[in-house]
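Each remark here refers to the structure printed beneath this line.
The values are calculated or read from the model by the stated rules, or taken from the named source; none is laboratory data. Given the structure is predicted, the values throughout are model-derived calculations rather than measurements. Cβ placement follows ideal geometry from the backbone for every residue including glycine, while neighbour counts extend to all protein chains displayed.
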Amino acid sequence: MKDKPLVSLISAGLSKFGKLEGLYAREIFAEAAKEAYERCPKLDPKKDIKALYVGHMGESYEHQGHTGATMADWAGLLHIPATRTEAACASSGAALRTALQAVLSGLSDVVMVGGVEKMTHRSTADVTEYLAMASDFPFEQWQGMTFPGLYALMATAHMHEYGTTEKDMATVAVKNHYHGSLNPKAHMQKEITLETAMTSRVVAWPLKLYDCSLITDGASCLILTKPELASKFTDTPVHIVGSGQASDTIGLYERESLTSLAAAKLAAKQAYEMADMKPEDINIAEVHDCFTIAEIIAYEDLGFCKAGEGGKLAEEGETRLGGRIPVNTSGGLKSKGHPVGATGTAQAYEIFLQLTGQAERRQVKDAEIGLTHNVGGSGATATVHIYRRG
Amino acid sequence: MSGKEQFTIERLCQGLSQGKLLGGKCVKCRKIHFPPRPLCDKCFSDRFEQVEISPNGKLLTYTIIHIAPSQFQAMAPYAMGIVQMENGLKVPGMIRDVAADKIKIGMSLKIMFESCIPTSNWPQWPRYYFKPA
Ligand SMILES: CC(C)(COP(=O)(O)OP(=O)(O)OC[C@H]1O[C@@H](n2cnc3c(N)ncnc32)[C@H](O)[C@@H]1OP(=O)(O)O)[C@@H](O)C(=O)NCCC(=O)NCCS
Ligand SMILES: [Zn+2]
């Protein structure tokens, strides 16, 4: 275990996740920023925050691009440098990585990083089309592919290669809905049964409604600083001790494996090495369960179990609250919701709450080390971060 | 590009509209690229020769899409898969002319080309699909 952290989180904020009717992305981001300011009374945002990085995937939803400057303004932070990062559903994971570099470079000593997406006012057909823009245009989108479709291709391959079942996938959904039922900010705060999940309508066989993440509005943010400055702002920081990011072909079809994400494995390897840790050291994780199969593959790519045994890990309850390594205590993308640009830093928000003992009914006792795993598209971008209680 | 005519994605599309599946074979390291690219990702060579790829392959994985983007809604549910062609290249696409419950991993499929209906000036990608061989 490394003694010196890379950077420290001194605060975090999250808007309510859900169908936020009548609210624009900028208003939702302001809600997340307000929470982060309130959580850290020693911070003077206007004076202390030196830069903003915002993850945001699509200008199609609100016909609004140039999100960096817009969010800086609505967070009350004019005239700091503000930049948007885009890496599909890993947009704010990439923003976090960028913010970390900004702090490490010495250029900015306190940085806000976050993400936002406003999606629910569009029809499902439109959202399906906008999301598909994160896949290859000529050979995937233009031929009729969708995001649920791409993950369904992985699911079919995983079932064929390892014997993973639709029930294994449904188990992940039941777990994440249980966790989400304990999270007052989750989009869908309701428990479901295995039967509900397994008999729900087909979206892209073998994936059904309850295998899919939600179309959600929401925003998230974090405030980072140099480890040596953290104590100026808070007595309970959370340190980032490992960071990894990797890329892969945009088309799923071009990859060697259809049952594992090479970018996620590489990002995890970098983060573990940087933190000088192993998968066994992780107490809690927020992984990118855009589809239930993605969570099963994440267990394997992150080394929580061997390749092909992700379904079993879920089945044995090891990743449920009370298990060996609770995963997605927030409810995950499945139940908390997936406002795509906001997801990466929303995962970090949950780890921040857990490691500072503020996760209330879903608190994991004595959690010390956390991990976030954020994936863009069908795996062309992945970021992994490792956190330690301060 | 060493004075030679470039083998671009555009040329690939022209090939497809004539019913030919073309790959770009790196002259230096022999890797076949599909779609072709101007720079070999393995050895950075910029010299390629066109190779025609056999239209036959085997299904690696598939899905049946029920919720589709607007453009494809009228066709849903429809099958999509990734097919490994005889030379090892992988091509994704729609699978037609077969009932969903008859689709099996490993089945032999053949690629078919549709005439390209231009929806805009650029990009104009052709459509193709797979059917049982
Ligand atoms: C699965 C999906 C297609 C469902 O959309 P839809 O068919 O239009 O569903 P609707 O929005 O009309 O909702 C119908 C009902 O299903 C519920 N519902 C919608 N999505 C759901 C989901 N993913 N899980 C569980 N319930 C869901 C709604 O709450 C609603 O319930 P109600 O009738 O009790 O109010 C959509 O949620 C989706 O595309 N999800 C994936 C998003 C995605 O791909 N993200 C990027 C990942 S990389
Ligand atoms: Zn080459």
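So is B:C26 among the hydrophobic types (A, V, I, L, M, F, W, C) and within 15 Å of ligand 2 (Cβ to nearest atom) or not?
For B:C26, the condition - among the hydrophobic types (A, V, I, L, M, F, W, C) and within 15 Å of ligand 2 (Cβ to nearest atom) - is met.
Do you know which residues across the range A:40-59 are of a type outside the set (A, V, I, L, M) and either under 21 Å from the mean Cα position of the chain (by Cα) or modelled with pLDDT under 95 (or both)?
A:Y53, A:G55, A:H56, A:G58, A:E59
B:S70 fails exactly one of the following numbered conditions: (1) away from ligand 1 (no atom under 16 Å from the Cβ); (2) surrounded by fewer than 17 Cβ atoms within 10 Å (Cβ to Cβ); (3) not aliphatic (A, V, I, L, M). What is the number of that condition?
If we test B:S70 against (1) away from ligand 1 (no atom under 16 Å from the Cβ); (2) surrounded by fewer than 17 Cβ atoms within 10 Å (Cβ to Cβ); (3) not aliphatic (A, V, I, L, M), just (1) comes out false.
What number of residues in the range A:167-197 are surrounded by fewer than 18 Cβ atoms within 10 Å (Cβ to Cβ) and within 29 Å of B:Y78 (Cβ to Cβ)?
Here the count works out to 4.
Checking the condition under 21 Å from A:S15 (Cβ atoms) and surrounded by 20 or more Cβ atoms within 10 Å (Cβ to Cβ), which residue from A:A102, A:A88 passes?
Checking each option against the conditions leaves just A:A88.
Give the range B:37-82 a look and list any residue that's more than 12 Å from chain A (Cβ to nearest Cβ) and part of a loop (DSSP other than H, G, I, E, B), or say none.
If the condition is that a residue be more than 12 Å from chain A (Cβ to nearest Cβ) and part of a loop (DSSP other than H, G, I, E, B), then B:P38, B:L39, B:C40, B:K42, B:C43, B:F44, B:S45, B:D46, B:R47, B:I53, B:S54, B:P55 are the ones that fit.
Would the range A:162-184 turn up any residue that is in contact with a strand residue (DSSP E or B) (Cβ under 6 Å, 6 or more places away or on another chain), away from ligand 2 (no atom under 16 Å from the Cβ) and of a type in the set (S, T, Y)?
Looking for residues that are in contact with a strand residue (DSSP E or B) (Cβ under 6 Å, 6 or more places away or on another chain), away from ligand 2 (no atom under 16 Å from the Cβ) and of a type in the set (S, T, Y), one finds none in the range A:162-184, hence no.
Being within 16 Å of ligand 1 (Cβ to nearest atom) and more than 14 Å from chain B (Cβ to nearest Cβ) is the requirement here; does A:A82 meet it?
Considered against the rule, which asks whether it is within 16 Å of ligand 1 (Cβ to nearest atom) and more than 14 Å from chain B (Cβ to nearest Cβ), A:A82 comes out as no.
Out of all the residues in the range A:128-156, which are part of a helix (DSSP H, G or I) and either within 12 Å of ligand 1 (Cβ to nearest atom) or under 19 Å from the mean Cα position of the chain (by Cα) (or both)?
A:T128, A:E129, A:Y130, A:L131, A:A132, A:F147, A:P148, A:G149, A:L150, A:Y151, A:A152, A:M154
If you scan the range A:158-188, which residues turn out to be more than 14 Å from chain B (Cβ to nearest Cβ) and of a type in the set (V, I, T)?
A:T165, A:T171, A:V172, A:V174
Looking at A:S181, A:S247, which is the one that is at pLDDT 95 or above and either in contact with an Asp or Glu (Cβ under 9 Å, 6 or more places away or on another chain) or not assigned by TED's automatic domain parsing to the domain that holds A:T383 (or both)?
Exactly one residue qualifies, and that residue is A:S181.
Just to be sure I understand, how many residues within the range A:109-132 are more than 10 Å from every other protein chain (Cβ to nearest Cβ) and closer than 30 Å to A:L224 by Cβ?
12
Which one of these is part of a loop (DSSP other than H, G, I, E, B), more than 12 Å from every other protein chain (Cβ to nearest Cβ) and more than 10 Å from ligand 1 (Cβ to nearest atom): A:E256, A:E195, A:E228, A:E191?
Of A:E256, A:E195, A:E228, A:E191, the one residue that is part of a loop (DSSP other than H, G, I, E, B), more than 12 Å from every other protein chain (Cβ to nearest Cβ) and more than 10 Å from ligand 1 (Cβ to nearest atom) is A:E191.
Does B:K31 meet the test of being closer than 30 Å to A:E161 by Cα, within 20 Å of the chain's Cα centre (by Cα), touching a residue at least 24 places away in the same chain (Cβ under 8 Å) and more than 9 Å from chain A (Cβ to nearest Cβ)?
No.
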